1. So, for chain A, what is the accessible surface per residue at a probe of 1.4 Å, expressed in square angstrom?
2. Label points 7 Å out from Cα along the Cβ direction at A:TRP426 and B:VAL46: separation in nm?
3. Quote the relative contact order of chain B in percent (integer), defining contacts as alpha-carbon pairs under 8 Å separated by 6+ residues.
4. Counting Lys and Arg as +1 and Asp and Glu as -1, what is the net charge of the other residues whose Cβ lies under 12 Å from the Cβ of B:ALA11?
5. If you take each beta carbon of peptide B:28-35 and count the beta carbons of other chains within 10 angstrom, what is the mean?
6. What distance in nm separates the simple spin-label points at A:LYS419 and A:TRP339, each placed 7 Å from Cα in the Cβ direction?
7. So if each residue of separation counts as 0.36 nm, and I subtract the Cα-Cα distance between B:THR13 and B:ASP32, what length gain in nm does that give?
8. Can you sort A:PHE517, A:PHE130, A:PHE47 by solvent-accessible area, 1.4 Å probe, largest first?
Amino acid sequence: MAVVQDVHGHHDHHPSGIMRWVMTTNHKDIGTLYLWFSFAMFLVGGFLAMGIRAELFMPGIQILEPELFNSFTTLHGLIMVFGAIMPAFVGLANWQVPMMIGAPDMAFARMNNWSFWLLPVAGMLLISSFFVPGGAAAGGWTFYPPLSAQGGLGVDMMIFAIHILGASSIMGAINIITTILNMRAPGMTLMKMPMFVWTWLITAYLLVLVMPVLAGTVTMLLTDRHFGTSFFNAAGGGDPVLFQHIFWFFGHPEVYIMILPAFGIVSEIVPTFSRKPLFGYASMVYATASIAILSCIVWAHHMFTAGMPTVGQLFFMYATMLIAVPTGVKVFNWTATMWRGSLTFETPMLFAIGFIFLFVIGGFSGVICAIVPIDIQVQDTYYVIAHFHYVLVSGALFAIFGGVYYWLPKWCGRMYDVKLANMHFWLSMIFFNVAFFVQHFLGLAGMPRRIPDYSLQFADFNMISSIGAFGFGLSQILFLYIVIKCIRSGEKAADKPWEGANTLEWTLPSPAPYHSFETPPVIK
Amino acid sequence: MNNTEHQTGKASTLQVAKAVFWSFLGIRKKDDLDRDAKMIKPHQVVIGGIIGGVIFVLSILTLVKVVTS
Ligand code: HEM
Ligand SMILES: [Cu+2]
């Protein structure tokens, strides 16, 4: 409880102007910083995506030289994963976790500040690496050696950026775990916690488990590059496939790090707008835990073509397909929650339903990729690109949008323009599918990923995909406009703008006070 | 089953095993969950989870061996 005292000590003496943001130890300010940072990175990553799709609009090479094209795909992936999606979820956790468990703030307020301010440094490293001799890293966001052993300064900057991002994530995770375990209001037992808090608790454990593995991987890469080791260098007795194993031992849990909080958000939104409690709360908790555990033993499904004994292929194939079971349990529960509920379709609910619908498509294409004989055909084609954009864009990103539209009235005390917000949903939904659904066909037809040029038979679908991508990109500017308009001149929002909502944050006034719960609420 | 007076009692090995098993499937009844939460200690979950994980991996391996032999 010393932590709480400390927070109170700082009460109302916070500096104003820019120093408020630099020095802040307030969970809401830091949450806001995280969210704006991740949106900025989303625009940068989006700019790179537009470049990629512009080059792929027609066969032949028009805009980006192959080397620069490769840097674009590499940095697009890195910036979106580490700069946009992950910080956005941490931002949502910063805002919501203390409010949802009835705490005044996060447990480690200063560490919170530090874990945010590391991010812009890493972001700048990644962006500025485009301008150093040799250009930015170009070996893909998975930076497999030998390509990543060869690149120039840009690769070192990427390694450094990943180290920093990893440190930030670990600190954020420790903070979230400590907050959830120690700062719940009296009566808020673990089993009464909202699902968003549960999913974040489990995600935070996953982060603490796998981010050090990533740090180890990039460190080994660094020593291979500069200090004469040969972990991944066959000529020196090392093995490049070792890299793939440790990268994906991090990488697969990482994809679940990006989807579990999304599950949490959807599990908040769906009951609210169905006016029914979440169906199978207990199952949801167990399914989340189950997905987290299983996600640690399926990593080699990314390596079916790297050479593996049949026993290994079958093991990872079966294990991967089993993950679909708890995932299916979740989808079943959301559907059952909506079943015979009195549904209304406000913007957050639209995004949540869009999420369920499209995430299922992504889940299915994942299971298809997990079947070894099929994956040997589609690995490294656009089919895989389609799969993971269905789970990451219409999955993770749609859930983030849903979460923002759900909680924005609480954050700024104002309501956004619902018409425009619904338009944002429909534009995103339509253009997303135009951009990515056709990529399934491109992949099945054999179009490889990470290639700036392609054969003529892929031309039509690529043009459709590019048009969808430009549309999707433009629609996101609308999102920025909606949020700014809401903050500036939105109508005053009620304390509880959604009648079906009943988690703790809605008992606070809108906008939420600087310190969430100064006296802990008592939970029945 | 609803012996709330036993809420401070330690969970039996069987109860931990059951909880771990259901967690792998991802389904659990609310009453059972409440009971698990009251009675199972964190270290029991961790140890149970590790043993459950090992059994899970071994059984997939056995299946794979059977399929490939
Ligand atoms: C039902 C669950 C899922 C299954 C069975 C599954 C299966 C797979 C498989 C087998 C691959 C490898 C394809 C290949 O490279 O040939 C893959 C790739 C990928 N998956 Fe999934 N997946 C699932 C859910 C998810 C989720 C929820 C996410 C993220 C939110 C995700 C993100 C990714 C990414 C990013 C890749 C590509 C990595 C790369 O090579 O760049 N997947 N998935
Ligand atoms: Cu995976």
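The values are calculated or read from the model by the stated rules, or taken from the named source; none is laboratory data. Everything numeric here is computed off the predicted structure, so don't read it as measured data. With ideal geometry, Cβ positions are generated from the backbone for all residues, glycine too; neighbour counts draw on all protein chains shown. We work out accessible area using only protein heavy atoms, side chains counted, and drop any ligands, DNA or RNA first. Shrake-Rupley method; radii C 1.70, N 1.55, O 1.52, S 1.80 Å.
1. 38 Å²
2. It works out to 5.3 nm between the two label points.
3. It comes to 40 percent, rounded to a whole number.
4. So the environment of B:ALA11 carries a net charge of +3.
5. Mean partner shielding for this stretch: 4.
6. 3.8 nm
7. Length gained between B:THR13 and B:ASP32: 5.3 nm.
8. Ranking A:PHE517, A:PHE130, A:PHE47 by accessible area, largest first, yields A:PHE47, A:PHE130, A:PHE517.
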